[in-house]
Amino acid sequence: MVTVDKSVSPPRKNYIFRLILKGREEPENYYLPEEVFKFMSEILNMLKESYKSDSIPEVEYDVDSRKHLLPPKKYIFQYQLRHINVITLNAILRFLLHGIVIQSAEGNQVVLKAHLLRHAFATHAVQTEKIPIDIVKTLLHQKDIEVTSYYSAPTAQQVSESINSLHENWISYVDIQKGILRGPEELKEIYEDYR
């Protein structure tokens, strides 16, 4: 669905997919950039063409340990009447990234998985882009802000960069030479005044 927000000038289009999340009953809004919306619409149209139908069929959830918990639904990520599960998605990611080595700041190899991408998105959105955590919670469709807080926890590198930045900022305000030149009596007097 495409809506137009006429409260701003010029009017802005919002690109929205109404989807039912795994384990939920009611559809929720997924706000997308225009290009992603068009790409997803193209995927849906290709699926409809392959099924020779005006809509995509309902298919079973394809994880044996949870199949009994979820009724068949119209999953966008499906192929030949089968739900594309997270195991398959992770295999697709590995295939697409074959030959690319991704490492953490500490030099450890990172095995990219769909779930890790949610963590990376949340951390980047909150820590780098400074998007409020409640908006990130909504974007990730998480029920509990504590989960979003866990997902968006800063990395060790972000904490290190922050303390370095803070240190550089403090140094610009404090004249270390002046502090060194103060005598013990003057420092004691300043301490007493402060106390």
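Before moving on, here are some points about what is shown:
- A simple spin-label model places the labels of D144 and H68 2.5 nm from each other, with each point 7 Å out along Cα-to-Cβ.
- Global form of the chain, assessed from the alpha-carbon gyration tensor, a/c cut-off 1.5: prolate
- In percent, rounded to a whole number, the relative contact order of the chain is 9, using alpha-carbon pairs under 8 Å and six or more apart.
- Around E25: net Lys/Arg minus Asp/Glu count, Cβ-Cβ under 15 Å: +3
- log₁₀ of I(q)/I(0) at q = 0.11 Å⁻¹ - region 1-74, Debye sum with one point per alpha carbon: -0.40
- Burial ranking of peptide ranges 23-32, 148-157 (average Cβ count within 10 Å, highest at the top): 148-157, 23-32
None of the figures in this text is laboratory data; all of them are computed from the coordinates on show. Remember, predicted model here, so these are calculated numbers, not experimental data. Don't worry about glycine lacking a Cβ; one is built from the backbone with ideal geometry, like all the others, and counts go over all protein chains shown.
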